[in-house]
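Chemist: Dropping the structure in here first, questions after.
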Amino acid sequence: MDRLPTSETPANQTEKSVEIEALDMEALRAKLAEARGPRYWRSFEELAETPAFKEHLAREFPNLLSVGDISTSRRRFLQLMGASLALAGLNACGRQPLEKIVPYVKQPEEIIPGRPLYFATSMPQPGSGLSIGLLVESHMGRPTKIEGNPEHPASLGSTDLFAQASVLELYDPDRSQIPMHMGIPRSWDAFCAELEQPLNALRALKGVGLAVVTPTIVSPTLVRQIRRLKKALPKARFVQWEPIGAEQAREGTRRAFGEDLAVRHDFKAAEVVLAFQSDFLTQGPSCVRFHVATACP
């Protein structure tokens, strides 16, 4: 249905609306039927290649910004946008608070500005008690890059994507800096005071009713802390649980060898390796080692 002109609608705009709505849809369907391969268009006017669309396409920067009867040229538009961005940038600038830079009282010999330091560490791999050996590059005490430790048997100098991305957790802006309770910041003293009441009740019962579920623990520090907790609450339950894949693997080694064992494939003895539902090169506790071992020389 054609638009009727009103007192606020210019005549040329009415004619253009009539022209756009009077497209021959049967001709467009025939054009699409004759096309070889898929055709993509943003509007029926583009598909029909109407004169109005061609005129619109010929202008690199169409003059679409208008207020009333006053049109804004491209140059004026860019001037206004540049001034707006400049003013927005000035408003966003603020004076940083004064901070004091305190030097070392005793300069550490190993820390030299601009020269990185490296330290060896390990990262637990999910689904097993194994860890991957890492070498971490640090600048002025801040870790910046992670690589594999060539002397570690589980990594052989390589890493996986999770180890490479783990350094980003240290600089995550959403990482919690202080204790939170129901979205409200709390102090450590308030946290300890609130935890003291249920702990006193558990001490009176020697831990009855308390269950602690953790993944496989390979950290000596965490092991010592759990031993201290077991000593204080001897009747509490402590369970280490892993996903079903790791549990099935341990159950299979228990039945076959009578103890928990980790699978170590020797790919040097195989000419062809066929794996069903087992991406051993990217998943699993020894995927990094297997990837290095099967890499082409």
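Chemist: If R₀ is 45 angstrom, what is the calculated FRET efficiency for the pair Ser73 and Glu49, using the beta carbon separation as r and rounding to 0.05?
Modeler: Details: r = 28 Å, r/R0 = 0.62.
Working from the Cβ atoms, E equals 0.95.
Chemist: Still on this structure, I have one more. Peptides 137-146, 23-32: what's the order by average Cβ count within 10 Å, highest mean first?
Modeler: Numbers: 137-146: 13.5, 23-32: 11.3.
Going from most to least packed, we get 137-146, 23-32.
Chemist: Now for a separate question. Rounded if a/c is under 1.5, else prolate if a/b beats b/c, else oblate: with a ≥ b ≥ c from the C-alpha gyration tensor eigenvalues square-rooted, which is region 76-217? Working shown, then result.
Modeler: Numbers: a/c = 1.90, a/b = 1.29, b/c = 1.47.
The shape class here is oblate.
Chemist: For the peptides 153-160, 206-213, what is the packing order when you average, over each peptide's residues, the other Cβ atoms within 10 Å and list the highest mean first? Before the final figure, lay out each step's value.
Modeler: Numbers: 153-160: 18.4, 206-213: 12.9.
For the peptides 153-160, 206-213, the packing ranking is 153-160, 206-213.
Chemist: For region 143-213, what does the alpha-carbon gyration tensor say about shape, rounded, prolate or oblate, given a ≥ b ≥ c as the root eigenvalues, a/c under 1.5 as rounded, and a/b over b/c as prolate?
Modeler: On the way: a/c = 4.23, a/b = 1.83, b/c = 2.32.
Taking the square roots of the gyration eigenvalues as a ≥ b ≥ c, region 143-213 is oblate.
Chemist: What ³J(HN,Hα) values, in whole Hz, does the Karplus curve 6.51 cos²θ - 1.76 cosθ + 1.60 give for region 192-205 when θ = phi - 60°, with x put for Gly and Pro?
Modeler: Taking θ as phi minus 60°, the curve returns 5, 5, 6, 7, 5, 5, x, 5, 5, 5, 6, 5, 5, 9 Hz for region 192-205.
Chemist: Explain nothing, just compute: Karplus ³J(HN,Hα) = 6.51 cos²θ - 1.76 cosθ + 1.60, θ = phi - 60°, for every residue of region 108-118 in order, whole Hz, x for Gly and Pro.
Modeler: Once rounded to whole Hz, the list reads x, 5, 7, 9, 10, x, x, 10, x, 10, 10.
Chemist: Let me ask another. Give me, ordered by chain and number, the residues 5 or more places off Arg186 or on other chains with an amide H under 5 Å from its own placed amide H.
Modeler: Met180, His181
Chemist: Enumerate the calculated ³J(HN,Hα) couplings along region 100-105 in order (Karplus 6.51 cos²θ - 1.76 cosθ + 1.60, θ = phi - 60°), each rounded to whole Hz, writing x wherever the residue is Gly or Pro.
Modeler: Listing the rounded values in order: 9, 9, 9, x, 5, 5 Hz.
Chemist: Another one. Taking the Cβ of Thr159 as the centre, find all other residues whose Cβ is under 11 Å away and add up their charges (Lys, Arg: +1; Asp, Glu: -1). Kindly include the intermediate steps, with their values, before the conclusion.
Modeler: Numbers: positive: Lys145; negative: Glu147, Asp160.
Its environment carries a net charge of -1.
Chemist: What is the set of long-range amide H partners of Lys145 at a cut-off below 5 Å, with H atoms built 1.01 Å from backbone N?
Modeler: Correct list: Glu137.
Chemist: Leaving out same-chain residues fewer than 8 places away, which lysines sit with a Cα under 26 Å from that of Lys31?
Modeler: Of all the lysines, those that pass the test against Lys31 - Cα under 26 Å, at least 8 places apart if same chain - are Lys16, Lys54.
Chemist: I would also like to ask the following. Quick one: which residues, 5 or more positions from Ser122 or on another chain, have an amide H under 5 Å from its amide H? H modelled 1.01 Å from N in the peptide plane, none for Pro or chain starts.
Modeler: Amide H to amide H, under 5 Å and 5 or more residues apart or across chains, Ser122 pairs with Leu134.
Chemist: Can you return the lysines within cross-link range of Lys206? Criterion is Cα-Cα under 23 Å, with same-chain partners fewer than 8 residues away left out.
Modeler: Straight-distance partners of Lys206: Lys230, Lys231, Lys235.
Any read-out appearing in this document is the output of simple, stated calculations on the displayed coordinates, not a laboratory observation. Predicted model, so just to flag it, every value in this text is computed and none were measured. Cβ sites come from the backbone with ideal geometry, for glycine too, and all protein chains shown count toward neighbours.
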